[in-house]
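J.: Sending over a structure as structure tokens; questions will come in a sec.
The values are calculated or read from the model by the stated rules, or taken from the named source; none is laboratory data. Fair warning: this is a prediction, and the values are worked out from it, not measured in the lab. Here the Cβ positions follow ideal geometry from the backbone for every residue, glycine too, while neighbour counts run over all protein chains shown. Side chains are part of the model used for accessible areas, which takes the heavy atoms of the whole protein and leaves out ligands, DNA and RNA. Shrake-Rupley method; radii C 1.70, N 1.55, O 1.52, S 1.80 Å.
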Amino acid sequence: MRVLILGGDGYLGWPTAMHLASAGHEVMVVDNYLRRRVMVEEDVEPLYPVPNLVERARKWQQITGREIVVQIGDLSRWEFVERVFKSFMPEAIVHYAEQPSAPYSMIRREAAALTINNNLGATANVIFAVKEHCPDAHIVKLGTMGEYGTPNIDIEEGWIDIEHNGRTEKFLYPRQAGSLYHTTKIMDTDLLWYYVRIWDLRVTDLMQGPVYGIFTDESECDESLLTIFSYDELFGTVLNRFIAQAVVGYPLTVYGKGGQTRGYLNIKDTLNCVRLAMENPANRGELRIFNQFTETFSVNELADKVREAGRRFGLDVRIKSMENPRKEKEEHYYNPKHTGLLDLGLVPNKLTCEELVRMMEYVSIHRDNIAHHKIFRGTKWA
Ligand code: USQ
């Protein structure tokens with residue numbers, strides 16, 4: 001398939017590009033380096049330097065003989081979007097092109113505005129470009145499990161049947177986000193659902209939990225193909241952060257009571273989920289929703305696993321419960337369904353002690369790049 005990956009420079013975008021190219025798809029990646037720019041502005045460099053997208057694509061082609069076409073530009077600019085769609089005429093669009101950090105979206109008004117304008121503007125432009133240039137193309141959109149929040153009832157896979165005063169109807173599952181970033185993801189879903197209804201678009205919305213990991217099958221052939229890895233408070237997801245903290249002897253930053261439970265997945269599974277969704281498209285006029293995670297853990301459980309892996313690796317890992325800078329439930333019911341991607345053939349890479357130790361080994365090589373003062377800055381929700 002001809003697949004356009006929007007946000008192709010990011011933590012998930014670049015590994016997805018390599019993965020889909022390896023699977024024989026024709027891949028074009030688009031990015032405007034927004035995340036890199038914000039990271040420089042906020043003084044939160046990644047663990048190791050990452051070549052720019054053009055250099056990575058060149059390296060990838062040298063090693064594998066496969067091409068990944070790169071377009072640098074801003075998807076909130078319509079002229080650019082139109083040029084990309086007209087020239088490539090994608091059959092599938094993987095849409096990651098969003099400001100992905102919840103803490104960044106809460107830092108100050110300007111960051112909130114950037115998150116709203118970028119995320120919703122890009123999604124709207126993708127919708128209009130598909131309608132005008134490739135109405136049969138399948139949009140695979142990265143959503144987030146955070147759209148559902150942590151309700152006191154089971155979380156369904158996107159949709160729920162409601163019975164009210166003797167009548168029934170199927171609705172999007174109620175959403176209640178825990179940050180402005182997560183709220184923009186809800187708004188994306190609403191935009192997509194509206195245009196699916198009026199224009200018969202084909203859309204899959206992947207409600208993904210926090211991702212962890214460094215390595216993917218495609219990055220094994222050369223270190224310069226590794227994805228960007230963040231350990232800072234803004235762009236690092238919790239388990240990646242805990243690994244870096246363990247390696248430099250920084251007590252693991254468990255926020256509040258640590259009972260916050262989320263659905264996690266290995267970065268390798270993100271790639272498999274996206275490929276499976278893309279290769280088995282939604283129907284015209286369908287908004288298909290999958291809950292994309294493989295296992296649920298509380299923050300305390302993750303911290304214990306990292307301490308155990310640290311013991312094997314020879315580290316004395318300490319855990320420090322600290323005042324929670326976020327507004328979120330710290331003890332709650334959590335039972336989300338997640339059968340859709342398993343039904344499509346996903347074989348999960350579950351979290352093992354070996355995986356954590358391998359991450360510790362690699363992070364240790366770069367431990368001198370870890371700046372303690374960048375680990376926690378205490379971005380408050382309120
Ligand atoms: N947490 C800690 N200590 C830390 C960092 C996080 O206790 O040092 C806690 C948070 O309070 C939260 C949980 O760990 O309860 C997960 O936090 P996170 O930073 O890993 O995840 P989050 O901010 O929700 O966002 C990440 C990605 C985002 C994605 C989301 C999926 O950055 O792009 O959408 O995970 S989900 O959480 O399911 O909404």
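J.: What residue, of Arg284, Arg307, Arg311, Arg288, is in a helix (DSSP H, G or I), touching a strand residue (DSSP E or B) at 6+ places or on another chain (Cβ under 7 Å) and more than 13 Å from the ligand (Cβ to nearest atom)? It would help to see each step written out before you state the result.
T.: On the way: Arg284 fails: in a helix (DSSP H, G or I); Arg311 fails: touching a strand residue (DSSP E or B) at 6+ places or on another chain (Cβ under 7 Å); Arg288 fails: in a helix (DSSP H, G or I).
Matching residue, one of Arg284, Arg307, Arg311, Arg288: Arg307.
J.: Quick check on my filter: what residues within the stretch 223-239 are within 13 Å of the ligand (Cβ to nearest atom) and out of contact with any helix residue (DSSP H, G or I) (no Cβ under 8 Å at 6 or more places or on another chain)?
T.: Thr237
J.: Same structure again: Considering Val248, Val203, Val238, which residue is crowded, with 24+ Cβ neighbours inside 10 Å and either of a type outside the set (Phe, Trp, Tyr) or farther than 23 Å from Gln292 by Cβ (or both)?
T.: Val203
J.: Let me confirm something: among Val81, Val54, Val126, Val70, which residue is assigned to a helix (DSSP H, G or I), buried (at least 20 other Cβ atoms within 10 Å of the Cβ), over 20 Å from the mean Cα position of the chain (by Cα) and away from the ligand (no atom under 16 Å from the Cβ)?
T.: The unique qualifying residue is Val81.
Here is a yes/no grid of residues against (1) within 12 Å of the ligand (Cβ to nearest atom); (2) small (Gly, Ala, Ser); (3) more than 20 Å from Met106 (Cβ to Cβ):
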| residue | (1), (2), (3) |
| --- | --- |
| Thr144 | yes, no, no |
| Pro174 | no, no, yes |
| Trp199 | no, no, yes |
| Gly213 | no, yes, yes |
| Asp217 | no, no, yes |
| Cys221 | no, no, yes |
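J.: Which of the following residues is over 16 Å from Gly263 (Cα atoms) and either in a loop (DSSP other than H, G, I, E, B) or open to solvent by 50 Å² or more (accessible area, probe 1.4 Å) (or both): Lys380, Lys350, Lys329?
T.: Of Lys380, Lys350, Lys329, the one residue that is over 16 Å from Gly263 (Cα atoms) and either in a loop (DSSP other than H, G, I, E, B) or open to solvent by 50 Å² or more (accessible area, probe 1.4 Å) (or both) is Lys380.
J.: Here is a follow-up. Criterion first (without any contact (Cβ under 8 Å) to a residue 12 or more places away in the chain and among the basic types (Lys, Arg)) does Arg37 satisfy it?
T.: Criteria met by Arg37.
J.: Counting only residues that are open to solvent by less than 10 Å² (accessible area, probe 1.4 Å) and either part of a loop (DSSP other than H, G, I, E, B) or among the basic types (Lys, Arg) (or both), which one in the stretch 135-153 is farthest from Tyr264 (Cα to Cα)?
T.: The residue in question is Ala137.
J.: For the stretch 178-197, name all the residues that are within 23 Å of Trp381 (Cα to Cα) and within 13 Å of the ligand (Cβ to nearest atom). Full working, then the answer.
T.: Of the stretch 178-197, the ones within 23 Å of Trp381 (Cα to Cα) are 178-188.
Correct list: Gly178, Ser179, Leu180, Tyr181, His182, Thr183, Thr184, Lys185, Ile186, Asp188.
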